[in-house]
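All remarks here apply to the structure that follows.
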Amino acid sequence: LITAVIIVLQGLANTYTVQLVAVLNRISVWWLLIGLVVIVGALIVMPDHHQSASFVTHFENNTGFTSGLYGGMLGLLVTSWTFTGFDGSFHMSEETVRATVNAPKGITRAIGYSAITGLILILALVYSISDYSKVAGSSAPPVQILIDGLGLGAAKVMLLIVIGAMLFCGLANLTSNTRQIFAFSRDGAMPGSRLWHSVSPRTRTPVKAVWLAVACSLALVVPGWWSHTAFTAIVSVNVVGLFLAYAVPIFLRLRLGDEFQPGPWHLGPWGKPIGWLAVVWIVLSSVLFMLPQASPITVDSFNYAPIALAVVLVVATVWWFATARRRFQGPVSYGRPDEVAAMDLV
């Protein structure tokens, strides 16, 4: 219920004022940076004891599977959960100055900053573990680390920082989702496209797209009220679908080779090796997301993500052959690449 209320409030913010959302997004950057410094600083100063480097680098397989390699690969999925949303710069590109430069630069910086700050935070947490068995058996290990190392009162303050960060991220994600719905609808690539790509003349925001995003988010939250397993499957499919959507254009760009015309900001000679590495990792991680992640496999521990993904693909395929292939003519073009680049300079 709390989640539903938060989603509705974020929908209202995206409906009535773009300026407020922009201000909150700027505040969120400083909230995340300062919050990281506060949490890491507290974990360095307040615990009575810190673990050694040998403990931090120790490998422990608690998945229930005998294969340490398989357990390690499942552990790498944490990075996939974390590195999502960095493409928000692209989704907001129509409202960005010099988008052909600033959007890809924003994506690259978001990934780099997330890698550095995420590593710092995870190291601070692991070094601060006091009782490994207690933490590993906890339903929320990071929370348990904070309570054990900082005390209950200070841990609550740290969690308020985390909750604030999650609220900011949810707002940004809803904004990004809304812009995707608007863009896809404008291109005729969604059911009911004519309805969703309208802009309110009063608020100058895509109000209908906002509330479609809110309704879909609420629908995805509902199964979590009675089944954690169903909710986990939905989240896993979202991550798989998101990264597969990243992989398709990367692969197509690589297949074009030298025929591909890069924009004014690109990775240069590093583009191809990074691209192939990205495609390989996405395929591997997508498979891992759909495999069992704990043993023994029961009705509750079974990974239902492949079933959910199959349902999504069947619905999309039926919709494509039934109607979409006759209506969808490709993205709306605003001109040649050089003309778009020239508009960015205005």
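Listing for the model above:
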{"read-out": "Hits in segment 186-202 - residues which are outside any helix (DSSP H, G or I) and within 18 Å of SER176 (Cβ to Cβ)", "value": "ASP187, ALA189, MET190, HIS197, VAL199"}
{"read-out": "Test for GLY263: is it open to solvent by less than 60 Å² (accessible area, probe 1.4 Å) and touching a residue at least 60 places away in the same chain (Cβ under 8 Å)", "value": "yes"}
{"read-out": "Members of segment 237-257 found to be at negative phi and either aromatic (Phe, Trp, Tyr) or open to solvent by less than 30 Å² (accessible area, probe 1.4 Å) (or both), listed by number", "value": "VAL237, VAL239, VAL240, PHE243, TYR246, ALA247, PHE251, LEU254"}
{"read-out": "Hey, ALA215 of a type in the set (A, V, I, L, M) and loosely packed, with under 13 Cβ neighbours inside 10 Å or not", "value": "yes"}
{"read-out": "Every residue from segment 86-102 that is in a loop (DSSP other than H, G, I, E, B) and surrounded by 15 or more Cβ atoms within 10 Å (Cβ to Cβ)", "value": "PHE86, ASP87, MET92, THR96, ARG98"}
{"read-out": "Tally of residues being surrounded by 10 or more Cβ atoms within 10 Å (Cβ to Cβ) and free of Cβ contacts under 8 Å to residues at least 40 places away in the same chain across segment 56-75", "value": "8"}
{"read-out": "Cβ-Cβ under 6 Å pairs, at least 6 apart or on other chains, segment 302-320 side open to solvent by 70 Å² or more (accessible area, probe 1.4 Å), far side among the aliphatic types (A, V, I, L, M) and assigned to a helix (DSSP H, G or I)", "value": "TYR304/ALA233"}
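The values are calculated or read from the model by the stated rules, or taken from the named source; none is laboratory data. Just so it is clear, the model here is predicted, and its values are computed rather than measured. FYI the Cβ positions are ideal-geometry reconstructions off the backbone, even for glycines, and counts take in every protein chain you see. Remember, those area values only see protein heavy atoms, side chains included, never the ligands or the DNA or RNA. Shrake-Rupley method; radii C 1.70, N 1.55, O 1.52, S 1.80 Å.
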